[in-house]
Every structure is written in C-alpha cells, then in structure tokens.
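A short worksheet on the structure shown next.
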Amino acid sequence: MMKMKLWSSVAAAAILFGGAYSINEVQGASAGSTASESQSKTLIGVDKAEAYALKSAQGRVESIDLKERISGSYYEVEIRYNHQEIDVRVDAYTGKILSVRKETDDDDDDNYAAATSQSGTMISAAKAAEAASASAKGTVTEIDLDGDNGSFVYEVEIRNGKVTTEVGVDAYTAKVLYTDVDSDDDDD
C-alpha cells in the first residue's frame, strides 16, 4: 500500500510538472515569435552604432561588439575620453541608446596617450569595418583597437555562417594588414 501511495505521488508530481512545462513552452513560443519578428529586421551596422554612441558620449571608439541575448541584440560601444571609459549600448535594430555607463580609468594607459599624441588622424571604427568588409564577406560582429609598440590596428571580426574572419586594419591608413580565416566546422 505504501508503494502505491508513493507511485501515486510521483505520478501526480509528473503530471503537475508536465503541465507547468507545457504552459512555459506556450509562453516561450509566443515570446519567441516576438524575438523572431525583431530578428527579421535589418541590423543597423557598426557605422550607425558608432554614430549613435558618439552622440551620447564624445571620445574615440575603442571597440564595438555585437551582442545577441535572449532579451535582444545590441552593439556595445566602448569609448575613451581622457581617463574615462564609457560603455554605450545601442539597440542593434533601432539605434536606440539602451544605456551609457562611465568609469574613471586610473590605470596609466600608455596606448591611449600614444594614440592621442601620434601624428596623423586615426580612422573611425566604422571606416575600419568598411575596409575589412571589402576583403571578407559577412556581418561585422566585433571591432577592437589594439596598440602595440606605437602602431595601432583595428582587429575586425566578420562572421559568415560558420566562418569567422579576423581582419587587421591599420588605424591611420585603413590599409588591410592581414586576414585570418577560421572555420567552426564540427567535422574536424
């Protein structure tokens, strides 16, 4: 008799859990249709993301990353101004500014000082993305400004299906310095 009560309790819990799971699936499906509707729109692109971010905060764009989350897609734009690091989140489809966060960077940043004192004008991150896109097809998902030994290079990541290409672009001349292709094939 005790075993029968135990099995009845387990069966009741399974039915209750299964029903809750089904309700969550229906709610998830309706929420998913909203997400898929926004995914059918066109990305604004790094050039517009950079422009919108620079309307919210002045400075030099250090990086732009396309982030895809359940709540939606956005560009995270990192801007440097004097000794401040400013992170601006821009909706990837509408261009709406989602947040602006400022931090004082007390680190002795040699790269920032060298970049601001070097002769010539540094190109924008959008211009680097444009140069990189001419040598690799796909969606620009990340741009990072990297400074080593006094030279500055935008590292631009472009995704095209399972292929990721990193393109190095000279931060002053927009010349493509290198292209590194990496395939995410699972067949290896």
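When residues in segment 136-160 are screened for being part of a loop (DSSP other than H, G, I, E, B), in contact (Cβ under 8 Å) with a residue 12 or more places away in the chain and more than 19 Å from Ser63 (Cβ to Cβ), 2 of them pass.
Across segment 98-108, the number of residues qualifying as open to solvent by 60 Å² or more (accessible area, probe 1.4 Å) and not in a loop (DSSP other than H, G, I, E, B) comes to 6. Taken over segment 45-96, residues that are without any contact (Cβ under 8 Å) to a residue 60 or more places away in the chain, open to solvent by less than 30 Å² (accessible area, probe 1.4 Å) and assigned to a strand (DSSP E or B) amount to 11. Mind listing just one residue for me: the one in segment 25-44 that is hydrophobic (A, V, I, L, M, F, W, C) and modelled with pLDDT of 50 or more and, of those, most open to solvent (accessible area, probe 1.4 Å)? Step by step, filter segment 25-44, then rank; the result is Leu43. Please work out if Val167 is more than 16 Å from Arg60 (Cα to Cα), part of a strand (DSSP E or B), open to solvent by less than 60 Å² (accessible area, probe 1.4 Å) and without any contact (Cβ under 8 Å) to a residue 60 or more places away in the chain. Yes.
The values are calculated or read from the model by the stated rules, or taken from the named source; none is laboratory data. The structure displayed is predicted, hence computed values, not measured ones. So basically every Cβ, Gly included, is an ideal-geometry build from the backbone, and we count neighbours across all protein chains shown. All accessible areas refer to the heavy atoms of the entire protein, side chains included, with ligands and DNA or RNA removed. Shrake-Rupley method; radii C 1.70, N 1.55, O 1.52, S 1.80 Å.
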